[in-house]
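Can you read through this structure? Questions will come right after.
Only the coordinates and a few stated rules stand behind these numbers; no lab work does. On a predicted model such as this, the values are computed, not experimentally measured, just so you know. Positions of Cβ are generated from backbone atoms using ideal geometry, with glycine treated the same way; all protein chains shown enter the neighbour counts.
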Amino acid sequence: MSVNKKHYDSVVVNKNANVCMACVLVKTQTNNKFMKVFTSVYKCNYINDKSEILTIKNANGDTCSIFSLGNKPQADINASDSMFVATVKNEKFTVKNNFEQLTFFPYHDISFTTWQGVLKVGVKTEAGNVIYGLVKLNNDILLQPQYSNIKINAKDSLIIICNSQKGPNSEDDLLNFKFEKVFSIRKHIELCTKNFIVFKIFEPVEKYVIYNISSKTEKELNAENISNYLGDIILIKQNNQLFEYNLNTNTQTKYKLNYEKN
């Protein structure tokens, strides 16, 4: 696509080369009792391959063509094969890669999930906290934003609900994709599979504990960080190295990148 980069301070093009984000650095002045304060901000337009300036429409029908530049604009505009998140004055909207708008409510945060067609969205409360819910790309609400965090294991059709906003004695919940509660406990659930749940304990020292759902037994796990990988095999980080950890056998092997496996 043809955009005259001389007219802009920053230009980022999406992977399909049909939409770009073109930004100009603008200095603004604010006066107080003692001095003039100057700040620099980027004001950006999204432009398509027809050189048209693109707009966002919110739920009230108001349109806007000025957008905010994020910390990682190249990664943001290429966050997904089919869509990305555009930001207007700290309000986020989801659009397709051709800028066809998908969501219209001004969320504080939007992230893509492994559950196809479902977004994790955040809303800021009057107290300044961000609470999360789930919505479909057609804007149907699956879970109202009211939780401290939500994690999804799409392979096993499970949803982790963190309820820490309710206080120190709150329970974390495990839901299936029908939103039925299948497990609840007064501990922080870090990840889950069909057969295991891994808790993160914060006091008196941070540690992970593996819970076997069928045998109801627990085992400590030595790791700095953990994440879902392949069913009951998870990824763990120890001494800045990644390992594949088998929850069934409690054995681990060094994680290899795809090119190392070939």
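Could you sort the peptides 157-167, 47-57 by per-residue average Cβ neighbour count (10 Å cutoff), highest mean leading? Walk me through the numbers before you get to the answer.
Values: 157-167: 16.9, 47-57: 14.5.
Sorting 157-167, 47-57 by mean packing, highest first, produces 157-167, 47-57.
What's the exposure ranking of Phe34, Phe183, Phe84, going from fewest to most Cβ atoms within 10 Å?
Values: Phe34 6, Phe183 17, Phe84 22.
Listing Phe34, Phe183, Phe84 from fewest to most nearby Cβ atoms yields Phe34, Phe183, Phe84.
Next up: Give, rounded to the nearest 20 debye, the magnitude of the charge dipole that segment 1-148 has about its Cα centre when Lys and Arg contribute +1 at Cβ and Asp and Glu contribute -1 at Cβ.
Numbers: 16 positive and 11 negative charges, 107 e Å.
Dipole of segment 1-148, to the nearest 20 debye: 520 debye.
To continue, here is another question. Take the cross-link list Lys155/Lys187; Lys166/Lys187; Lys181/Lys219; Lys124/Lys151 and give me the ones stretching past 20 Å between alpha-carbons.
On the way: Lys155/Lys187 23 Å; Lys166/Lys187 13 Å; Lys181/Lys219 24 Å; Lys124/Lys151 18 Å.
Violating the 20 Å Cα-Cα cut-off are Lys155/Lys187; Lys181/Lys219.
Once phi is turned into θ = phi - 60°, what whole-Hz ³J(HN,Hα) does the Karplus curve with 6.51, -1.76 and 1.60 give for every residue of segment 180-197, x standing for Gly and Pro?
8, 6, 10, 7, 8, 7, 8, 9, 7, 8, 8, 7, 8, 10, 5, 10, 9, 10
Taking θ = phi - 60°, what integer Hz values does the Karplus form 6.51 cos²θ - 1.76 cosθ + 1.60 yield along segment 130-138, in sequence order, with x for Gly and Pro?
9, 10, 10, x, 10, 9, 7, 5, 8
Using a 4.7 Å cut-off between beta carbons, which cysteines in the chain end up with no partner cysteine at all?
So, Cys20, Cys64, Cys162, Cys192.
A further question on this structure: Which listed residue (Val13, Val118, Leu134) has the Cα farthest towards the positive end of the charge dipole for the chain, taking +1 on Lys and Arg C-beta and -1 on Asp and Glu C-beta about the Cα centre?
The one lying farthest along the dipole's positive direction is Val13.
What's the Cα-based Rg to Rh of segment 1-103, Rh via Kirkwood? If you can, show how the numbers build up before the last one.
On the way: Rg = 14.9 Å, Rh = 14.5 Å.
Radius of gyration over Kirkwood radius for segment 1-103 works out to 1.02.
For segment 28-82, build the convex hull from the C-alpha positions and give me its volume per residue in Å³. Walk me through the numbers before you get to the answer.
On the way: hull volume 8.3 nm³, N = 55.
With only Cα atoms used, segment 28-82 gives 150 Å³ per residue.
For the chain, what is one quarter of the convex hull surface built on the Cα atoms, given in nm²? Could the numbers behind the result be given before it?
On the way: hull surface 79.7 nm².
Average projection, Cα convex hull of the chain: 19.9 nm².
Set the Förster distance to 22 Å, then compute FRET efficiency between Thr253 and Asn212 from the Cβ-Cβ distance, nearest 0.05. If you can, show how the numbers build up before the last one.
Numbers: r = 21 Å, r/R0 = 0.94.
So the FRET efficiency works out to roughly 0.60.
In addition: In sequence order, what are the phi-derived ³J(HN,Hα) couplings for segment 142-147 according to the Karplus relation 6.51 cos²θ - 1.76 cosθ + 1.60 with θ = phi - 60°, rounded to whole Hz, with x for glycine and proline?
Whole-Hz 3J(HN,Hα) from phi for segment 142-147: 8, 9, 4, x, 7, 10.
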